[in-house]
Amino acid sequence: MNGRFDVKQRTQRQEVASLTTDIRVRVLNISAAGCLIETRRALETGSVATLRINFAGGDFEDTVQIVRCQEITGAGPVFHLGA
């Protein structure tokens with residue numbers, strides 16, 4: 001499964017605007033409790049993103065929060081994200 005993130009960077013102040021970035025991802029595992037995503041870019045824990053997935057002819061979208069970001073050693077710029 002392939003998907004995309006629209007990542008919104010949070011600030012400590014009241015949000016008056018948001019910065020979004022489109023990031024291509026590969027979904028490695030998904031369940032009702034969360035998902036494991038692979039990307040070539042690190043994301044800060046606590047970041048909130050909209051995950052969009054096209055699967056089996058359907059489009060799915062949900063808001064997720066990054067709870068873990070782990071660099072995969074020896075794989076180049078590859079990161080596994082828990083959301």
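Structural remarks
- Residue selected from region 1-33 under the condition modelled with pLDDT of 85 or more and of a type in the set (Val, Ile, Thr), by the criterion most open to solvent (accessible area, probe 1.4 Å): Ile30
- Output for region 72-83, where each listed residue is at negative phi and either in contact with a Pro (Cβ under 8 Å, 6 or more places away or on another chain) or open to solvent by less than 100 Å² (accessible area, probe 1.4 Å) (or both): Ile72, Ala75, Pro77, Val78, Phe79, His80, Leu81, Gly82, Ala83
- Residues (open to solvent by 70 Å² or more (accessible area, probe 1.4 Å) and touching a residue at least 12 places away in the same chain (Cβ under 8 Å)) located in region 34-69: Arg40, Arg41, Glu44, Thr45, Arg52, Asn54, Phe55, Asp62, Thr63, Gln65, Val67, Arg68
The values are calculated or read from the model by the stated rules, or taken from the named source; none is laboratory data. Nothing here was measured: the structure is a model prediction, and the numbers come from that model. Cβ: placed from backbone, ideal geometry, glycine included. Neighbour counts: every protein chain shown. For the accessible areas, the whole protein counts, side chains as well, though only heavy atoms, and no ligand, DNA or RNA atoms are used. Shrake-Rupley method; radii C 1.70, N 1.55, O 1.52, S 1.80 Å.
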